[in-house]
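Contents: one structure, followed by commentary.
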């Protein structure tokens, strides 16, 4: 049963991250701060802003995962980070050739996934 609870904890963090990223993106696009999908290039300052808020939201998602984990919260947070790093790496490989943002942006997201989830797990441990 703990395995299912652990999987649920990781899934809850992942769902939070996906929904919160999408919601903030939608709000910034609706306000005209960021271009609508397919309507423009995400310039450097926009990518920097997105990197910051996405990192904060990943930390929060990992905190949620660690809070819900039935045991060993750091392990569950790191598992979430590994999933994010793999997904981020695939996304970087796919999106860099599309030239929709500076190349460093998807690379940064892939690299920051694991440290951010580690930090979220550590914050729960404090």
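The values are calculated or read from the model by the stated rules, or taken from the named source; none is laboratory data. Please read these numbers as outputs of a predicted model, since none were measured by experiment. In this analysis, Cβ positions are derived from the backbone assuming ideal geometry, glycine residues included, and neighbour counts consider all displayed protein chains.
Checking 91, 77 one by one, the residue that is surrounded by 21 or more Cβ atoms within 10 Å (Cβ to Cβ), part of a helix (DSSP H, G or I) and touching a helix residue (DSSP H, G or I) at 6+ places or on another chain (Cβ under 9 Å) is 77 and no other.
Filtered by the rule that a residue be surrounded by 15 or more Cβ atoms within 10 Å (Cβ to Cβ) and either farther than 12 Å from residue 65 by Cα or in contact with a strand residue (DSSP E or B) (Cβ under 7 Å, 6 or more places away or on another chain) (or both), region 108-118 gives 108, 109, 110, 111, 112, 113, 114, 116. Considering only region 101-124, I want to know if a residue exists there that is more than 17 Å from the chain's Cα centre (by Cα) and in a helix (DSSP H, G or I). Yes: region 101-124 contains one or more residues that are more than 17 Å from the chain's Cα centre (by Cα) and in a helix (DSSP H, G or I).
As for region 71-90, it holds at least one residue that is at pLDDT 95 or above, over 30 Å from residue 126 (Cα atoms) and more than 13 Å from the chain's Cα centre (by Cα). Checked against (1) under 30 Å from residue 43 (Cα atoms); (2) modelled with pLDDT of 95 or more; (3) surrounded by fewer than 21 Cβ atoms within 10 Å (Cβ to Cβ), residue 59 meets all criteria but (3).
Within region 1-26, work out how many residues are without any contact (Cβ under 8 Å) to a residue 40 or more places away in the chain and either under 17 Å from the mean Cα position of the chain (by Cα) or within 19 Å of residue 114 (Cα to Cα) (or both). Total satisfying the criteria: 11. Within region 27-47, can you find the residues that are assigned to a helix (DSSP H, G or I) and loosely packed, with under 14 Cβ neighbours inside 10 Å? Across region 27-47, the qualifying residues are 27, 30, 44, 45.
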